[in-house]
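Report on the structure given below.
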Amino acid sequence: MKILLLNGPNLNLLGKREEDIYGNISLEDLNERLISVAKKEDCEFTSIQSNAEHELINEIHNAGESNTDVILINPAAYTHTSIAIRDALLGINIPFYEIHISDISTREDFRNKSYLSDIAEKVYSGLGVDGYEMALNEAISKFKNK
Ligand code: DQA
């Protein structure tokens, strides 16, 4: 089974950025955690972070051509702005889980709108970085051997 994790803009600053909201674990440490879960389940796991919308879109297109089974995505601020990322995900027909470290429904009004939630398999929001592990486990149990 092949899983792709995409993290959007500013998530490279995880662990240093607004720690009261996003916590103090780095993206590198988070990736290590997820890699070990995926390894135990015999899954191929790739994690990519980009600050550029077009790079995230290109990675989504690549996933569509490389037998990726599931995408996990924290689009960060693009959640609230990017019809292009929505269209890319619709274009490839691979199930995806939307993840947010913070609870986007209880923050500023402009974060209430997600261009992805209605087409996501499921949304994990406000569970801290544990949301990534929960989404990964759910993706594995739902789509492994399918
Ligand atoms: C975020 C929430 C977004 O509103 C914000 O722009 C982010 C991170 C989260 O993980 O809580 O960069 O997606």
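The values are calculated or read from the model by the stated rules, or taken from the named source; none is laboratory data. This structure is a prediction, so every number in the text was calculated from the model and none was measured. All Cβ positions, even for glycine, are placed from backbone atoms using ideal geometry, and neighbour counts span all protein chains on display. Areas reflect the complete protein model, heavy atoms only, side chains present, ligands, DNA and RNA absent. Shrake-Rupley method; radii C 1.70, N 1.55, O 1.52, S 1.80 Å.
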Taking the stretch 91-106 and keeping only residues that are within 15 Å of the ligand (Cβ to nearest atom) and in contact (Cβ under 8 Å) with a residue 40 or more places away in the chain, one is left with Y97, I101, S102
Result of the Cβ filter at 9 Å on the stretch 1-29, keeping first residues that are free of Cβ contacts under 8 Å to residues at least 40 places away in the same chain and among the small types (G, A, S) and partners that are assigned to a helix (DSSP H, G or I) and more than 13 Å from the ligand (Cβ to nearest atom), at least 6 apart or interchain, is G15/E28; G15/D29
(1) within 26 Å of G15 (Cα to Cα); (2) among the aliphatic types (A, V, I, L, M); (3) in contact (Cβ under 8 Å) with a residue 40 or more places away in the chain all hold for A63 apart from (1)
How many residues of the stretch 108-134 are closer than 19 Å to A77 by Cβ and touching a residue at least 40 places away in the same chain (Cβ under 8 Å)? The answer is 4
Of D42, D20, the only residue that is within 16 Å of the ligand (Cβ to nearest atom) and either at pLDDT below 95 or open to solvent by 70 Å² or more (accessible area, probe 1.4 Å) (or both) is D20
N7: passes all of (1) out of contact with any Leu (no Cβ under 6 Å at 6 or more places or on another chain); (2) open to solvent by 10 Å² or more (accessible area, probe 1.4 Å); (3) within 16 Å of the ligand (Cβ to nearest atom) but (2)
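This table checks each residue for (1) within 14 Å of the ligand (Cβ to nearest atom); (2) open to solvent by 20 Å² or more (accessible area, probe 1.4 Å).
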| position | (1), (2) |
| --- | --- |
| L11 | yes, no |
| L14 | yes, no |
| I25 | yes, yes |
| S47 | no, yes |
| E55 | no, yes |
| A63 | no, no |
| A76 | yes, no |
| L89 | no, no |
Inside the stretch 123-146, the number of residues satisfying the requirement of being in contact with a strand residue (DSSP E or B) (Cβ under 6 Å, 6 or more places away or on another chain) and either over 23 Å from L14 (Cα atoms) or not in a strand (DSSP E or B) (or both) is 6
